[in-house]
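Report on the structure given below.
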Amino acid sequence: MTDTAQQRPTGRAGALAAGRRPHPAFARWRDVSLVPVIFVLGVAGFVVSPAFLTRDNLIGVVQQSTELGLLVLGEALILISGRMDLSLESTIGLAPVAALWLVTPAHGGRFEGLELLPAWTAVPLCLAVGAAIGAANGFLMLKLRVNGFIATLGMLTMLRGLHLGLSEGRSIGDVPESFAYLGKAVWLGVPAAVWLCLALFALGGAALGYLRHGRALYAIGGNPEAARSAGIRVDRITWTVLAVGGLLAAFAGILYTGHYGAVSASQGNGWIFQVFAAAVIGGISLKGGRGTLFGALTGVLTLQLVINVMTLGGVPPLWTQFLNGLIIIIALVISRFTGGEKQD
Amino acid sequence: MRNATEETAGEPPAVHAEGIVKRYGPTVALDGATLTVRRGEAHALVGRNGAGKSTLVSVLTGLARPDAGQVTFDGLPAPRWGDTAAWRRRAACVHQRPMTVPELTVAENLHLDRFPDGRVIRWRALRARAARLLAEYGVEVDPAARMKDLGVEQRQFVEIARALSDGARLIILDEPTARLDAGGIARLFTKLHALRATGAAFLFISHHLHEVYDLCDTVTVLRDARPVLTAPVAGLAEDDLVAAMTGGQAAPSGPPARSARRPPGEPVLHAEGLALRGAFAPLDLTVRAGEVVGLAGAAAGGTTAIGETLAGVRTPDHGRIEVRGRPVRTGSVRHAIAAGIGYVPEDRHRDGLVPGRSVAENTTLAVTDRLGPLGTVLPSRARAVARRMISALDIRTAGPGQPVSGLSGGNQQKVVVARALARDPAVLVAVRPTNGVDVKSKEALLGVVREVAAAGSGVLLVSDEPADLRICDRVLAVHRGRVVARFGRDWAERELVAAMEGVGAGESPDRAPGPAAPTDRPTDRPTDRPTDRGVRPQAVTETDGGPRP
């Protein structure tokens, strides 16, 4: 059929299309729209404080971006496939706590666990807990068909409560060496967490661009019915993405715990706002089907740079929250116009 | 437009637009459009997708501000731009897509954002007012019913009543029949005729030229952002009208590519005893290679459900489906696609397209497993497939990377067809593929369907438009979930429509007189009840209508 039809004249078609051609490159602009913003922030940081452009400071910023970055990575995948998961911010705290609870000795320490499993299983356990939380969210959304926003909000609260119950409201300081390694290690002069985070973003970006199941996320988020009628297993893939999101949050928990050497009782508390802000600033649509991981990464860096510049600028601590919210709103507005797209 | 006072001789027209220019960025949507609709006139506005019809409607309803030009209503200048209430009193528009709130009652929808009597809503009075309004226009709908519980037709009538209730004497109907079946269209036309008698003027936008001829006095053709023809409908040959729309020679009359037909080959799709409760009765169906089989009937009569069941979207209660002799798991789109059933869904916006994604992505949505090793999708291969499809189906796009939301309706539909064809299906199941596309695209799509068959696949074309079914080798007419008549290549439109509407055949399937005169070769048998099948197998199997010399 294709051969026969190729002979059709297409001259007028070409002429007509040319008149309505949108700039082909324009669609890609929104992915890099934050790069100039990051540059401006760098200049601002340099003006504000000579300490900004030091190796230690920049590495500190990047390291702090890793944990938030992994949450944003997970949330971005979930948002692209047209869902949302608020409970990631609790997963980052609960997954390490649950893992440590299962491996910590039952007697002797400040924190008394069950000692069911050997200490080396802490990392896989933590990841499994994260994936299980994501899968539970998937069960609620896909099998029971409850509203994802409220279901994961409930999950957020419930898991936060579980975290507090298990840890008895205290920080857990005695972390097995295997569990703390990734968060502390430095590879080639840069924290291992940074390498891992970059690698995961690259992996995720490649999967979205070059794997059929990755590409399916855009179709599912853009129009689930169309994806279904094209033979894509919408529910199964969505479920997988939710589990991956939980897994990434748990991994962020491992890095965070290693970085600070302890799981605090409020680990991750209130992060979800920043996660969504970074994703949206970075061009991920809350309605699904649109956005790139590179954009999400620039969103994370933008937020972290803002906080860093404010800290260096000597903003009184009691005002940081106000300014943080204000700057996120400003960043949203800027990226709305540099990106040229509605953020719906 | 701000100081427009053009006096015309005698009675001023209901609306007069002069020299309207509208640009969207580099795109010129309207370039000096002129339109005059006299009072009490039914004026058709036709043109291909992208010709500027929608933009002109936006200008006439105050939704878009023209860059140049003037609009007058009844000889008076148009309201200030932005004064929506004033615009609404001038021109009312029933849009192509429903503009009602499904969760609210009919009464509330009728009074959206203009509740009477100040601040507090008095529900009883509101409902009474709504009832009066509906009665005034002869719409029999309970004002307290929720909008979503109404049928398509009733919803449309409510929208028309709402449009008229603002006092506008110009009613713009943007493809009002696209959502209706034949009976609904007939009732709509009756209503519109009655309204014209009261002096209302209509601007009627349609892709169906016969509707233009049935309803309208005058027709204006837009092409490439300009009006190219305004003429009385009476005495205008349909060929000339099509020529004006397409800008070229008149469309070849009759079905395209008739000569390309060849005798059908092996069965590619075979369904046996396929049934879905509440939708259609047990159905036996065979589609052969190189053959286009038409399934004629209204959407509510079960034809859409049959198509969706074959495509795996819906799970049948009984029966089985075979493709090239191999059974297909029913109720699974994946298995249907893998077995070789290509599917063009009825509603391209709902089931067919991912609007924000590119032509290449949409085209390759069902073939991603073939575009690279180990689950990868190589963009170069995806683009290659898309390019092949773009040229094969003559999709007008800036390139494989353009989002499909930027394409015209006809080209979007071609993308949906391309998605189904990208896998080289054994059989193509196309449900109303020409819905909401212009004449030229319609022709192109039907040509594609014929080519698919010529290339050795089978096609099942579900439609209720006789013009579309002309390309079929065989047509089964379905009424209320049952096949009520079978036709060969040559049939009279009247007979087919009668069969689809169930006239004379539907109620007593045992010995009903066939709707068609026996000039057609395939017998118009009453259809297959389960009980009939054992007794008279020849009445239900497809073989008796099979290959012809």
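Values in this text are rule-based calculations from the coordinates and carry no lab data. In this text, all values refer to a predicted model and were calculated from it rather than measured experimentally. Positions of Cβ are backbone-derived with ideal geometry, glycine not excepted, and every protein chain shown enters the neighbour counts.
Quick notes on this structure:
- Cα centroids of segment A:68-143 and segment B:138-186: 53 Å apart.
- Cα-based Rg / Dmax (Å) for segment A:72-134: 14.3, 47
- Relative contact order of segment B:15-246, defined on C-alpha pairs under 8 angstrom at six or more residues apart (%): 30
- Taking a quarter of the surface of the Cα convex hull of segment B:276-414 gives a mean projected area of 9.7 nm².
- Placing +1 on each Lys and Arg Cβ and -1 on each Asp and Glu Cβ, with no other charges, gives the protein assembly as shown a dipole about its Cα centre of roughly 620 debye.
- A:F322/A:I59 FRET efficiency (R0 25 Å; Cβ-Cβ; nearest 0.05): 0.35
- Full-stretch length increase - B:H318, B:R350 - with 0.36 nm per residue and alpha-carbon distance subtracted: 8.8 nm
- Label-to-label distance, B:R387 versus B:W81, with points set 7 angstrom from Cα along the beta-carbon direction: 4.2 nm.
- Evaluating kT/(6 pi eta Rh) at 4 °C and 1.567 mPa s, with the Kirkwood radius of the protein assembly as shown over Cα pairs in the Stokes-Einstein relation, gives 42 µm² s⁻¹.
- Hypothetical label at A:D174: residues of segment A:113-133 whose amide nitrogen lies under 14 Å (7 Å Cα-Cβ projection): A:113-116, A:119
- With neighbour counts taken as other beta-carbon atoms within 10 Å, the residues B:K53, A:K184 rank, fewest first, as A:K184, B:K53.
- A Stokes-Einstein calculation at 4 °C with viscosity 1.567 mPa s, built on the Kirkwood radius of segment A:30-338 over Cα pairs, returns a diffusion coefficient of 65 µm²/s.
- Considering only the protein assembly as shown, percent of DSSP beta bridges that pair antiparallel, nearest 5: 55
- From phi via Karplus (6.51, -1.76, 1.60), per-residue ³J(HN,Hα) for segment A:223-238 in Hz, x at Gly/Pro: 6, x, 5, 5, 4, 5, 6, 9, x, 7, 7, 4, 5, 5, 5, 4
- Cα→Cβ-extended label distance, 7 Å offset, between B:A135 and B:E272, nm: 6.0
- Alpha-carbon centroids, segment B:55-131 and segment B:435-459: separation in whole Å: 39
- Stretchable slack from B:H210 to B:A300, in nm (0.36 nm times residue separation minus alpha-carbon distance): 30.2 nm
- Neighbour counts of other Cβ atoms within 10 Å put B:V427, A:V146 in the fewest-to-most order A:V146, B:V427.
- Among the listed pairs A:K143/B:K414; A:K143/B:K148; B:K22/B:K440; B:K53/B:K191, those whose Cα-Cα separation exceeds 28 Å are A:K143/B:K414.
- Simple label model, 7 Å out from Cα along Cβ direction - A:A202 to A:F39, nm: 2.4
- With a Förster radius of 60 Å applied to the C-beta separation of A:L164 and B:R187, the computed FRET efficiency comes to 0.40.
- Sequence-distant residues sharing a close amide H with B:Y343 (under 5 Å, placed H): B:V429
- FRET efficiency, 1/(1 + (r/R0)^6) with R0 45 Å, evaluated for B:R39 and B:R226 via beta carbons: 0.95
- The value of relative contact order for chain A, using C-alpha pairs under 8 Å at least six residues apart, is 31 percent.
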